[in-house]
């Protein structure tokens, strides 16, 4: 099966891993080990462009001074997807997205890019804005929370490796999410 993933981050040689980079690296490696052809699309440079059989495509976009993270996420996602057609070949069976930024890119790709049309789309969530911020008292957190809920409801499947995140997705966003206790099991579930 050919799988394309979308994420804001992928590990870079020589830099410390973030939790999102670790998740993307681990899950893409598990999917590759299960025998799938895996491509990850990220904004910026891909370093390395091929990691243990996982093809990483970095799409350079002009970084501008956006008024907030939500407008940056929307605008940058559109730029990545609009420019990915020059770097991606063939058709993909499945889309795997990481966090809300990756889901925006995945949803845009599914609706505008021939390589992704007809693909199922699954999102992997590390945490919700209710876990990271205070949507009740912070305008930025409230904006992110409102877009997260809508985005996650558009996906065919939503998965998390923490039960608290699944509870937040269900209770705060009315999103049917599935708890998967390990990244290895998550890879098997997503690959079907």
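The values are calculated or read from the model by the stated rules, or taken from the named source; none is laboratory data. Remember, it's a predicted structure, so these values are computed and weren't measured experimentally. With ideal geometry, Cβ positions are generated from the backbone for all residues, glycine too; neighbour counts draw on all protein chains shown.
Some observations on this one:
- Members of the stretch 110-149 found to be touching a strand residue (DSSP E or B) at 6+ places or on another chain (Cβ under 8 Å) and closer than 28 Å to residue 90 by Cβ, listed by number: 110, 115, 116, 119, 120, 121, 122, 123, 124, 125
- Residue check: residue 189 meets all listed conditions (1) over 19 Å from residue 133 (Cβ atoms); (2) part of a loop (DSSP other than H, G, I, E, B) but one, namely (2).
- The stretch 81-96, residues that are under 29 Å from residue 189 (Cβ atoms) and either surrounded by fewer than 15 Cβ atoms within 10 Å (Cβ to Cβ) or without any contact (Cβ under 8 Å) to a residue 40 or more places away in the chain (or both): 81, 87, 89, 90, 91
- Condition broken by residue 56, with the remaining ones in (1) modelled with pLDDT under 90; (2) over 24 Å from residue 152 (Cβ atoms) satisfied: (1)
- Hey, residue 10 crowded, with 16+ Cβ neighbours inside 10 Å and either outside any loop (DSSP other than H, G, I, E, B) or under 13 Å from the mean Cα position of the chain (by Cα) (or both) or not: yes
- Hey, residue 152 in contact with a strand residue (DSSP E or B) (Cβ under 8 Å, 6 or more places away or on another chain), without any contact (Cβ under 8 Å) to a residue 60 or more places away in the chain and either under 19 Å from residue 73 (Cβ atoms) or buried (at least 22 other Cβ atoms within 10 Å of the Cβ) (or both) or not: yes
- Selection status of residue 165, more than 15 Å from residue 70 (Cβ to Cβ), part of a helix (DSSP H, G or I) and touching a residue at least 12 places away in the same chain (Cβ under 8 Å): yes
- Within the stretch 116-152, being farther than 20 Å from residue 192 by Cα and out of contact with any helix residue (DSSP H, G or I) (no Cβ under 7 Å at 6 or more places or on another chain) holds for 132, 136, 137, 138, 139, 142, 146, 150.
- Candidate set: the stretch 70-82, residues that are within 16 Å of the chain's Cα centre (by Cα) and under 14 Å from residue 147 (Cα atoms); chosen: the one modelled with the highest pLDDT: 77
- So residue 186, is it over 21 Å from residue 75 (Cβ atoms), touching a helix residue (DSSP H, G or I) at 6+ places or on another chain (Cβ under 7 Å) and in contact (Cβ under 8 Å) with a residue 12 or more places away in the chain: yes
- On the stretch given as the stretch 100-131, residues that are buried (at least 23 other Cβ atoms within 10 Å of the Cβ), in contact (Cβ under 8 Å) with a residue 24 or more places away in the chain and over 22 Å from residue 170 (Cβ atoms) total 3.
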